[in-house]
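Inspection log for the structure reproduced underneath, given as structure tokens.
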Amino acid sequence: MSGDDRWWREGVCYQIYPRSFADADGDGVGDLRGIIDRLDHLAWLGVRGVWLNPVTPSPNADWGYDVADYCDVDPTLGSLADLDALVAAAAGRGIRVLLDLVPNHTSDAHPWFRAARSSRDDPHRDFYVWADPAPDGGPPNNWVSTFGGPAWTFDEATGQWYLHNFLDRQPDLNWWNPAVADAFDEILRFWFDRGVAGFRIDVAHMIVKDRHLRDNPPVLAGDPFPLQVRGQRPVFNERLPEVHDVHRRWRRLADTYTPPRVLVGETFCEDVRDVVPFYGRGDELHLAFNIPFALCPFEPGALRAVIDETEARLPPGCVPVWTASNHDLSRFPTRWCDGDEATTRVALMLLLTLRGCVFLYYGDEIGLCDTDVPRERLLDPVGVRFHPYAGRDPQRTPMPWHDGPGAGFTRAGVEPWLPFGSLERNVAVQRHDPDSILSLTRDLIGLRDALGDLRTGLHRSLEAPPGVLAYRRGEDVLVALNLGDEPATLPGPWHGSVRIGTRRSRDEERVAGPLALEPAEGVVVVLDRPA
């Protein structure tokens, strides 16, 4: 394995929501210069790559995921020069930068769409999905938007409906048009040529739609809850076979660079069996986010089932990618751990001892929880529409660097774009505390770097008592996690030393026999080699 790909195959990456990470110019909105100012934190933590949520110009109907220009930087966040400086500064610390690519749709303010809706004869008309009304004058089919309501909006000026699988201000691109594919080749090259290490690809599973726009079938009794809410199975607007052609095309392009650029897919599928095909035969996405793991109950049996199935189904030479929080999902210290610090430590130990690539979401390293955002401060269109049942603002609030005015995120007295949550868990208070969540996170990343078995060793699940998740990594490493609220013992005999425990008092403890675990406790044991 070359050093060019070890960083994403074995390392820990870090997701940054730019508006909420660090505000250098004091306007209450995070920016690229703020990220540069905080790169030393990431280098100290030991991450090898960062993924930035969209930094391209946008009207912010969906906070950057409605792109108005794919080859520039939103002025609120900085400039192309700032992005170049960030890429260079990160590289100087051994950190690569991934950007967010949004190929499923644009903003309705994008020049392509403005031209497309100007006339049915405009050359950009076929960049988007248009259709005549149904016989009753309604939408062309029964598809529903991910954000609720019909996935179609009628354009009065041209007398047709346009498709939008998200907001009506996010018209879907038509990937049956070769000109769209050509345009995106140029977009990828633009950023790759600037030194960007790759892309996280938004809704990578959803880009191509049924050419005939057939109705989706109704849900079945056993379908997941999100499908039950929509009332239909996304047979014709997600996961079409032709989407793999797009990924293979991008992979060929990415592989022409030295080092090869990396493609990470947001493959938002409910089943591991639907995630794995996006690796192809090692010729499509380098990494496909394992959303079934992130959405899994924090329970040993369910977690083990997802992990084992992922390991069993991955094509040869491919590695999984694990995450537990992101900008669309409730933070795991809230969703999995109910704010409990001991359980948060166990979850971090799980995440950072699995095989493959790991993505931390900003704040995971300090156990940051969701923020209760008042209704009048909501900005996320999902939250505005579905409050209090759904919304993404709670996991997008500013990073607390310290507990003083401005929290180290912005200047004292400046109102941040989203409100601060609790400042009790912050970087400054944890940085020099060897028993903090932050120190545990850094030490786990360091241990991962130090132990070859944690980086590349095979994963093998072990039989364990109720409440316990246990597995071997390679030949020499045992990970045992008690997720339950009762003491438990992993039958032995085990012989070795605890290299790191979620209760740090156990570090370097000798193990000789069965392995005892307190409730909400985990250990990484380096086993003795046979004499």
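As for segment 103-110, it holds no residue that is assigned to a loop (DSSP other than H, G, I, E, B) and over 20 Å from Ile187 (Cα atoms). Filter segment 426-435 down to residues that are free of Cβ contacts under 8 Å to residues at least 60 places away in the same chain and in a loop (DSSP other than H, G, I, E, B), then give me how many there are. Qualifying residue count, segment 426-435: 2. Taking segment 439-482 as the range and being assigned to a helix (DSSP H, G or I) and either small (Gly, Ala, Ser) or in contact with a Leu (Cβ under 8 Å, 6 or more places away or on another chain) (or both) as the test, the residues that pass are Ser439, Leu440, Thr441, Arg442, Leu444, Ile445, Gly446, Leu447, Arg448, Ala450, Gly452, Leu454. Determine whether Asp4 is in a helix (DSSP H, G or I) and acidic (Asp, Glu). The answer is yes for Asp4. For the residues Arg304, Arg345, Arg355, the requirement of being touching a residue at least 24 places away in the same chain (Cβ under 8 Å) and not in a helix (DSSP H, G or I) singles out Arg355.
Look at segment 171-197: where a residue is of a type in the set (Val, Ile, Thr) and a partner is in a loop (DSSP other than H, G, I, E, B) and modelled with pLDDT of 95 or more, sitting 6+ places away or on another chain with Cβ atoms under 8 Å, you get Val180/Asn174; Ile187/Tyr70; Ile187/Cys71; Val196/Arg261.
Condition first: surrounded by 16 or more Cβ atoms within 10 Å (Cβ to Cβ) and without any contact (Cβ under 8 Å) to a residue 60 or more places away in the chain. Can you find one or more residues in segment 389-398 that meet it? For segment 389-398, residues surrounded by 16 or more Cβ atoms within 10 Å (Cβ to Cβ) and without any contact (Cβ under 8 Å) to a residue 60 or more places away in the chain: present. Would you confirm whether any residue within segment 8-15 is part of a loop (DSSP other than H, G, I, E, B), touching a Cys at 6+ places or on another chain (Cβ under 8 Å) and crowded, with 20+ Cβ neighbours inside 10 Å? The answer is yes; a qualifying residue exists. Restricting Ala115, Ala91, Ala157, Ala85 to residues that are touching a His at 6+ places or on another chain (Cβ under 8 Å) and surrounded by fewer than 17 Cβ atoms within 10 Å (Cβ to Cβ) narrows the list to Ala115. For segment 383-398, residues that are in a loop (DSSP other than H, G, I, E, B) and in contact with an Asp or Glu (Cβ under 6 Å, 6 or more places away or on another chain) total 2.
When Tyr257, Tyr279 are checked against the criterion of being among the hydroxyl-bearing types (Ser, Thr, Tyr) and either in contact with a strand residue (DSSP E or B) (Cβ under 9 Å, 6 or more places away or on another chain) or modelled with pLDDT under 95 (or both), a single residue qualifies: Tyr279.
Every residue in segment 275-304 that is among the acidic types (Asp, Glu) and surrounded by 15 or more Cβ atoms within 10 Å (Cβ to Cβ), please. Residue satisfying the conditions is Glu284 alone. Would it be correct to say that Val272 is buried (at least 19 other Cβ atoms within 10 Å of the Cβ), among the hydrophobic types (A, V, I, L, M, F, W, C) and in contact with a helix residue (DSSP H, G or I) (Cβ under 7 Å, 6 or more places away or on another chain)? The answer is yes for Val272. I'd like the full set of residues that are without any contact (Cβ under 8 Å) to a residue 24 or more places away in the chain and more than 21 Å from the chain's Cα centre (by Cα), limited to segment 58-73. Once the filter is applied, which keeps residues that are without any contact (Cβ under 8 Å) to a residue 24 or more places away in the chain and more than 21 Å from the chain's Cα centre (by Cα), segment 58-73 yields only Asp72. When the residues of segment 432-461 are filtered to those that are more than 19 Å from Asp5 (Cα to Cα) and polar (S, T, N, Q), the one that is surrounded by the most Cβ atoms within 10 Å (Cβ to Cβ) is Thr441. Here's a check for you: in segment 505-531, which residue that is of a type outside the set (A, V, I, L, M, F, W, C), in contact with a Ser or Thr (Cβ under 8 Å, 6 or more places away or on another chain) and under 19 Å from Pro434 (Cα atoms) is surrounded by the most Cβ atoms within 10 Å (Cβ to Cβ)? Once the filter is applied, the top-ranked residue is Gly522.
Restricting segment 510-529 to residues that are under 21 Å from Gly474 (Cβ atoms) and not in a strand (DSSP E or B) leaves a set whose member that is modelled with the lowest pLDDT is Arg529.
Screening Asp168 against (1) under 18 Å from the mean Cα position of the chain (by Cα); (2) not assigned by TED's automatic domain parsing to the domain that holds Pro259 leaves a single unmet condition, (1).
Across segment 166-201, the qualifying residues are those that are out of contact with any Leu (no Cβ under 9 Å at 6 or more places or on another chain) and among the acidic types (Asp, Glu), and the one among them that is farthest from Val144 (Cα to Cα) is Asp193. Scanning segment 327-351 for residues that are within 15 Å of the chain's Cα centre (by Cα) and surrounded by fewer than 24 Cβ atoms within 10 Å (Cβ to Cβ) yields His327, Asp328, Leu329, Ser330, Leu351. The single condition from (1) of a type outside the set (Asp, Glu); (2) surrounded by 14 or more Cβ atoms within 10 Å (Cβ to Cβ); (3) touching a residue at least 40 places away in the same chain (Cβ under 8 Å) that His124 fails is (3).
Within segment 305-312, is there a residue that is within 26 Å of Ala61 (Cα to Cα), crowded, with 18+ Cβ neighbours inside 10 Å and in the same structural domain as Ala428 (by TED's automatic domain parsing)? No, segment 305-312 contains no residue that is within 26 Å of Ala61 (Cα to Cα), crowded, with 18+ Cβ neighbours inside 10 Å and in the same structural domain as Ala428 (by TED's automatic domain parsing). Only one entry of Pro260, Pro277, Pro316 meets the criterion of being over 19 Å from Leu469 (Cα atoms), in contact with a helix residue (DSSP H, G or I) (Cβ under 9 Å, 6 or more places away or on another chain), assigned by TED's automatic domain parsing to the domain that holds Trp51 and in a loop (DSSP other than H, G, I, E, B), and that entry is Pro260.
The values are calculated or read from the model by the stated rules, or taken from the named source; none is laboratory data. Given the structure is predicted, the values throughout are model-derived calculations rather than measurements. Please note: Cβ atoms are built from the backbone with ideal geometry, for glycine as well, and neighbour counts cover all protein chains shown.
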